[in-house]
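Novice: Below is the structure I would like to discuss, written out as structure tokens.
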Amino acid sequence: MAALYAFTWLFTVIICMARVCSMPTNCRLQRRLMEESHNLVERMGERFPLHCLEGSVLVPFPDTAFQFNTSQQAVALEKTMYLTLTYIYSLFDEDGVPVQWKNVDVFQNIIDRQIEENQCIMNKTPDSQDDFVRREKVLKEYFDKIATVLKEKNFDVCGWEFVRKEILITIQFILNKDLEDVLFTSRG
């Protein structure tokens, strides 16, 4: 019986590995998953609570990190978008996500999937390393400010609503960019 169990397990692992290894990977984010992420964050909670406006904090969005003027900037932009997903994911690693929020785990799984499937982006070499380093710095400062606000608000509902608002802005900004043939694939 143990031999049959071991054989079945080994056979299942081999089948899974063969399927995963045969999947085409083109190292691009999936637009459909980005759209789904946006929708999940948007529907996670109710409207921004009015009582949270009193202590609202302004953190300017780092649109310079997402500038794209030439095809030479494509790799730096890809890496910036990948880092954006990792920063978003790390924000949700914090404790205290409001219990009334819906589908947080689904959102985290989608972001994690995008990160896992696109690790290859970080192996690409940008035409200008300085361009990427500048983008990375601006992006890190932005997400550090978001994390600081969350901590200063003691991970309360208002802090998390602030995080949700900033993530919505970020994902919407990415989706509004005309990047279909550069960074996104429709594979789902």
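The values are calculated or read from the model by the stated rules, or taken from the named source; none is laboratory data. It should be emphasised that the depicted structure is a prediction, and the values quoted were computed from it without experimental measurement. Quick reminder, even Gly has a Cβ in these numbers, built from the backbone with ideal geometry, and neighbours come from all protein chains shown.
Novice: Within region 161-168, is even one residue within 25 Å of Cys27 (Cα to Cα) and either among the aliphatic types (A, V, I, L, M) or not in a loop (DSSP other than H, G, I, E, B) (or both)? Spell out the reasoning first.
Specialist: Our first condition is that a residue be within 25 Å of Cys27 (Cα to Cα); within region 161-168, this holds for 167-168.
Those still in the list that are either among the aliphatic types (A, V, I, L, M) or not in a loop (DSSP other than H, G, I, E, B) (or both) too: 167-168.
Within region 161-168, one or more residues are within 25 Å of Cys27 (Cα to Cα) and either among the aliphatic types (A, V, I, L, M) or not in a loop (DSSP other than H, G, I, E, B) (or both).
Novice: Can you confirm whether Lys151 is in a helix (DSSP H, G or I) and over 21 Å from Gln30 (Cα atoms)?
Specialist: Spelling it out, Lys151 is indeed in a helix (DSSP H, G or I) and over 21 Å from Gln30 (Cα atoms).
Novice: Something else: Only residues in region 104-128 that are modelled with pLDDT of 95 or more and loosely packed, with under 14 Cβ neighbours inside 10 Å count as the first member; pair them with residues that are of a type in the set (Ser, Thr, Tyr) and part of a helix (DSSP H, G or I), Cβ under 8 angstrom, at least 6 apart or cross-chain, and list the lot.
Specialist: Between residues of region 104-128 that are modelled with pLDDT of 95 or more and loosely packed, with under 14 Cβ neighbours inside 10 Å and residues that are of a type in the set (Ser, Thr, Tyr) and part of a helix (DSSP H, G or I), there is no close pair.
Novice: If you don't mind, another one. Return the pair list, or none, for Cβ contacts closer than 9 Å from residues in region 49-77 that are more than 23 Å from Phe143 (Cβ to Cβ) to residues that are at pLDDT below 85 and in a loop (DSSP other than H, G, I, E, B), at least 6 apart or on different chains.
Specialist: From region 49-77, the pairs are Thr70/Asp127; Ser71/Asp127; Ser71/Val182; Gln72/Pro126; Gln72/Asp127; Gln72/Ser128.
Novice: Answer yes if at least one residue in region 58-70 is part of a loop (DSSP other than H, G, I, E, B), β-branched (Val, Ile, Thr) and at negative phi, and no otherwise.
Specialist: Within region 58-70 (the criterion being part of a loop (DSSP other than H, G, I, E, B), β-branched (Val, Ile, Thr) and at negative phi), the answer is yes, since at least one residue qualifies.
Novice: So which of Ala18, Ala3 ends up being at pLDDT 50 or above and exposed (fewer than 14 other Cβ atoms within 10 Å of the Cβ)?
Specialist: Exactly one of Ala18, Ala3 is at pLDDT 50 or above and exposed (fewer than 14 other Cβ atoms within 10 Å of the Cβ), namely Ala3.
Novice: Is it the case that Glu42 is out of contact with any Leu (no Cβ under 9 Å at 6 or more places or on another chain) and either under 22 Å from Trp160 (Cβ atoms) or buried (at least 20 other Cβ atoms within 10 Å of the Cβ) (or both)?
Specialist: no
Novice: Next question, about the same structure. Scan region 80-103 and tell me whether some residue there is part of a loop (DSSP other than H, G, I, E, B), over 13 Å from the mean Cα position of the chain (by Cα), without any contact (Cβ under 8 Å) to a residue 12 or more places away in the chain and exposed (fewer than 13 other Cβ atoms within 10 Å of the Cβ). Steps first, answer last, please.
Specialist: Step one: of region 80-103, the residues part of a loop (DSSP other than H, G, I, E, B) are 92-103.
Remaining after also requiring over 13 Å from the mean Cα position of the chain (by Cα): 94-103.
Cutting the leftovers down to without any contact (Cβ under 8 Å) to a residue 12 or more places away in the chain gives us 99.
Imposing the further condition that a residue be exposed (fewer than 13 other Cβ atoms within 10 Å of the Cβ) reduces the set to 99.
Yes, there is a match, as at least one residue in region 80-103 is part of a loop (DSSP other than H, G, I, E, B), over 13 Å from the mean Cα position of the chain (by Cα), without any contact (Cβ under 8 Å) to a residue 12 or more places away in the chain and exposed (fewer than 13 other Cβ atoms within 10 Å of the Cβ).
Novice: Shifting gears a bit: Criterion first (assigned to a helix (DSSP H, G or I), farther than 19 Å from Gln172 by Cα and aliphatic (A, V, I, L, M)) does Val133 satisfy it? Steps first, answer last, please.
Specialist: On the way: assigned to a helix (DSSP H, G or I): yes; farther than 19 Å from Gln172 by Cα: yes; aliphatic (A, V, I, L, M): yes.
The answer is yes for Val133.
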